[in-house]
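Here is the structure we will look at, set down as structure tokens.
The values are calculated or read from the model by the stated rules, or taken from the named source; none is laboratory data. This is a predicted model, so every value here is computed, not measured. Every residue, glycine among them, receives a Cβ derived from its backbone with ideal geometry; neighbour counts consider all protein chains shown.
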Amino acid sequence: MTILDAYRITREPFYRPVGREIELFEAAYASRMPVMLKGPTGCGKTRFVEHMAWRLGRPLVTVSCHEDMTASDLVGRFLLDAEGTVWHDGPLTLAVREGAICYLDEIVEARQDTTVVIHSLTDDRRILPLEKKNEVVTAHADFQVVISYNPGYQSVLKDLKESTKQRFGALAFAYPSPAVETEIVMREAGVERRMAETLVRIAERSRNLKGHGLEEGASTRMLVNAGLLVARGVPVEEACQVAMVVPITDDPDLREALSGAIAACL
Ligand SMILES: Nc1ncnc2c1ncn2[C@@H]1O[C@H](COP(=O)(O)OP(=O)(O)OP(=O)(O)O)[C@@H](O)[C@H]1O
Ligand SMILES: [Mg+2]
């Protein structure tokens, strides 16, 4: 029993490979190279890292990064209890000690002075200094850092430092080809092939509106959501409105364009 048993993934998370990402991740992990997963929202990055943690038999510690996150939130802090002040490891330190994969989701949301705490872990030193505790933790042999990054969403002010980026190997994710996406929707939503194909066609049209008023087209996640509603008996058109139109735009013209695309595909 270790403290990280709760973070072990015991059942295989379904992941349909899109390219050579599984082989590439395995090769990177074999060298304990830090990996960056780049790609738009809802394209399978989180599912992929869960699948890889399961495949490699490593616990997965996920941290959702945000603006107010401090280095102490990652590394740990002294807290007061009945016996006085006691050190509590943060999630990063736990992963470093126990040999987990530490997944820092949406890393660009964290401030740069927080992000730099991973620098000594992501070069050949593989150490984590706990300054407040006067301790330097050497990373467990199985420890690896994985980060996710949505290119295009951030401003210049909210980007990773060059010295952070250059520590990582990066895998680029995009929405899968129609054939692969159909398989994913069938499996994840439990709908028949014809229905999955229809939803995928609607998504393609929605993605064509990217840059024409839409920040981003419908993601694979949205397609799966539409499929889940259909599988519960919601009529397709309504399911698409709820899962693929209303969440992404309030603009009446765009809603109409998307509704037209849906009608054309049914
Ligand atoms: N290749 C794939 N294999 C299996 N399921 C997938 C795949 N790609 C996407 N999915 C489905 O899409 C959903 C969303 O994927 P996921 O949560 O991994 O997206 P993400 O890239 O992490 O998005 P975000 O950047 O918003 O966190 C998953 O829950 C899963 O149902
Ligand atoms: Mg994610």
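Tabulated data
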{"read-out": "Number of positions in segment 11-34 that are within 14 Å of ligand 2 (Cβ to nearest atom) and either over 19 Å from Met222 (Cβ atoms) or of a type in the set (A, V, I, L, M, F, W, C) (or both)", "value": "1"}
{"read-out": "Filter pass, Phe78 being assigned by the TED database to the domain that holds Val96, among the aromatic types (Phe, Trp, Tyr) and away from ligand 2 (no atom under 12 Å from the Cβ)", "value": "yes"}
{"read-out": "Within segment 49-70, considering residues that are within 10 Å of the chain's Cα centre (by Cα) and polar (S, T, N, Q), the one nearest to Gly217 (Cα to Cα)", "value": "Ser64"}
{"read-out": "Subset of segment 49-64 (residues that are buried (at least 19 other Cβ atoms within 10 Å of the Cβ) and part of a helix (DSSP H, G or I))", "value": "Val49, Glu50, His51, Met52, Ala53"}
{"read-out": "Test result for Arg194, without any contact (Cβ under 8 Å) to a residue 40 or more places away in the chain, outside the structural domain of Val49 (by the TED database) and of a type outside the set (Gly, Ala, Ser)", "value": "yes"}
{"read-out": "Criterion (part of a helix (DSSP H, G or I), of a type in the set (A, V, I, L, M), closer than 21 Å to Thr46 by Cβ and not assigned by the TED database to the domain that holds Lys45) met by exactly one of Leu223, Leu254", "value": "Leu223"}
{"read-out": "Output for segment 132-159, where each listed residue is more than 22 Å from His66 (Cβ to Cβ) and not in a loop (DSSP other than H, G, I, E, B)", "value": "Lys133, Glu135, Val136, Val137, Thr138, Gln144"}
{"read-out": "Top-ranked residue in segment 32-48 [being near ligand 1 (Cβ under 8 Å from one of its atoms) and either among the hydrophobic types (A, V, I, L, M, F, W, C) or more than 13 Å from the chain's Cα centre (by Cα) (or both); ranked as surrounded by the fewest Cβ atoms within 10 Å (Cβ to Cβ)]", "value": "Cys43"}
{"read-out": "Flag for Asp124 being closer than 19 Å to Ala30 by Cα and exposed (fewer than 13 other Cβ atoms within 10 Å of the Cβ)", "value": "yes"}
{"read-out": "Leading residue by the ranking (farthest from the chain's Cα centre (by Cα)) among those in segment 226-251 that are part of a loop (DSSP other than H, G, I, E, B) and closer than 23 Å to Gly39 by Cβ", "value": "Thr249"}
{"read-out": "Unique residue being more than 16 Å from ligand 2 (Cβ to nearest atom), touching a residue at least 40 places away in the same chain (Cβ under 8 Å) and either on the phi > 0 side of the Ramachandran plot or surrounded by 14 or more Cβ atoms within 10 Å (Cβ to Cβ) (or both) when the list is Ala110, Ala100, Ala141, Ala170", "value": "Ala100"}
{"read-out": "Positions within segment 71-89 being at negative phi, surrounded by 12 or more Cβ atoms within 10 Å (Cβ to Cβ) and in contact with a strand residue (DSSP E or B) (Cβ under 9 Å, 6 or more places away or on another chain), in sequence order", "value": "Asp73, Leu74, Val75, Arg77, Phe78, Trp87, His88, Asp89"}
{"read-out": "Test for Gly57: is it within 10 Å of ligand 1 (Cβ to nearest atom), in the same structural domain as Asp113 (by the TED database) and farther than 15 Å from Ala172 by Cβ", "value": "no"}
{"read-out": "Positions within segment 202-223 being buried (at least 17 other Cβ atoms within 10 Å of the Cβ) and over 20 Å from Asn150 (Cβ atoms), in sequence order", "value": "Ile202, Arg205"}
{"read-out": "Subset of segment 15-31 that is free of Cβ contacts under 8 Å to residues at least 60 places away in the same chain and assigned to a loop (DSSP other than H, G, I, E, B) - its residue that is nearest to ligand 1 (Cβ to nearest atom)", "value": "Tyr15"}
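One line per residue, one yes/no per condition, for (1) among the acidic types (Asp, Glu); (2) over 22 Å from Ala30 (Cβ atoms):
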| position | (1), (2) |
| --- | --- |
| Asp105 | yes, yes |
| Arg111 | no, yes |
| His140 | no, no |
| Leu160 | no, yes |
| Glu183 | yes, yes |
